[in-house]
1. Within chain B, what percent of beta bridges assigned by DSSP are antiparallel, to the nearest 5?
2. When the Karplus curve 6.51 cos²θ - 1.76 cosθ + 1.60 is applied with θ = phi - 60°, which whole-Hz ³J(HN,Hα) does each residue of region B:82-89 get, with x for Gly and Pro?
3. Label-point separation (nm) for B:LEU84 and B:ALA72, each offset 7 Å from Cα along Cα-to-Cβ?
4. Could you tally the net charge around B:PRO112, taking each other residue with its Cβ under 13 Å from the Cβ of B:PRO112, Lys/Arg +1 and Asp/Glu -1?
5. From the alpha carbon gyration tensor of chain A, can you work out the equivalent ellipsoid semi-axes (sqrt of 5 times each eigenvalue) and give them in Å, largest to smallest?
6. State the antiparallel share, in %, of DSSP beta bridges confined to the protein assembly as shown, rounding to the nearest 5.
7. Note down the relative contact order for region A:4-99 as a percent, whole number, built from C-alpha pairs under 8 angstrom at least six residues apart.
8. So if I average 1/r over every pair of distinct C-alpha atoms in the protein assembly as shown and take the inverse, what Kirkwood radius in Å does that give?
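Computed from the coordinates by the stated procedures, all read-outs in this text should not be read as laboratory data. Values in this document were obtained by computation on a predicted structure and should not be read as measured data. Every residue, glycine as well, gets a Cβ built from its backbone with ideal geometry; the counts of neighbours run over all protein chains shown.
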Amino acid sequence: NAGVTQTPKFRILKIGQSMTLQCTQDMNHNYMYWYRQDPGMGLKLIYYSVGAGITDKGEVPNGYNVSRSTTEDFPLRLELAAPSQTSVYFCASSYAYNEQFFGPGTRLTVL
Amino acid sequence: AQTVTQSQPEMSVQEAETVTLSCTYDTSESDYYLFWYKQPPSRQMILVIRQEAYKQQNATENRFSVNFQKAAKSFSLKISDSQLGDAAMYFCAYPGNEKLTFGTGTRLTIIP
């Protein structure tokens with residue numbers, strides 16, 4: 001099992017550009033999550049999904065979009081990147097309310 | 001709403017000594033899980049230990065153990081025989097309302 005994989009590992013964007021952060025899990029988990037972590041801070045929930053076709057907003061959803069067409073994949077879309085979106089992004093998955101398994105993170109810089 | 005509080009932003013401990021990190025939480029549920037995660041400089045989030053609220057026995061994983069006091073809603077992490085590799089941010093977490101609520105973290109420094 002690869003667990004939770006994220007691509008890319010690093011990315012630099014210019015202001016106004018768009019990109020998609022990919023997340024895939026092979027554990028057949030129904031729950032998936034996207035977090036952002038700013039320097040020296042904890043994790044903030046952006047969006048989450050409790051199953052294919054179902055998504056919901058977390059604490060900081062503005063500027064992001066998600067979709068969940070399959071159990072395995074949960075991409076995060078950034079539209080019109082802004083410097084405030086410079087952060088490390090983590091994807092995670094879990095089986096119901098159990099412990100979450102995290103991907104290695106994507107470090108995004110918006111200049 | 002569930003909240004998780006870690007009141008110690010930073011802690012330090014001498015190598016080989018024992019340190020305890022504090023966590024309190026608020027919930028109206030009676031059956032739930034609690035977790036401690038470790039985030040080393042690599043940024044990878046690693047599950048350290050989990051506790052099931054209906055179990056009275058405190059969870060233990062090698063040098064890591066918890067002191068779970070359900071009535072007080074307290075869930076502290078004890079690290080025995082601290083090692084240099086234990087240096088990291090530690091986050092307490094409570095799963096509720098379909099998502100994990102994390103504390104703000106405690107940065108643990110190990111003094112050689």
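1. On the way: 33 of 38 bridges.
Antiparallel bridges: around 85 percent, rounded to the nearest 5.
2. After applying 6.51 cos²θ - 1.76 cosθ + 1.60, I find 3, 10, 4, x, 7, 4, 4, 8 Hz.
3. Label at B:LEU84, label at B:ALA72, 3.5 nm between them.
4. Working: positive: none; negative: B:GLU15, B:GLU17, B:ASP86.
Its environment carries a net charge of -3.
5. Details: eigenvalues 98, 38, 33 Å².
Each semi-axis is the square root of five times an eigenvalue, giving 22, 14, 13 Å.
6. Within the protein assembly as shown, antiparallel bridges account for around 90 percent of the total.
7. Details: 204 pairs, mean separation 34.1, N = 96.
That works out to 36 percent.
8. Details: mean 1/r = 0.0552 Å⁻¹.
Evaluated on the protein assembly as shown, it is 18.1 Å.
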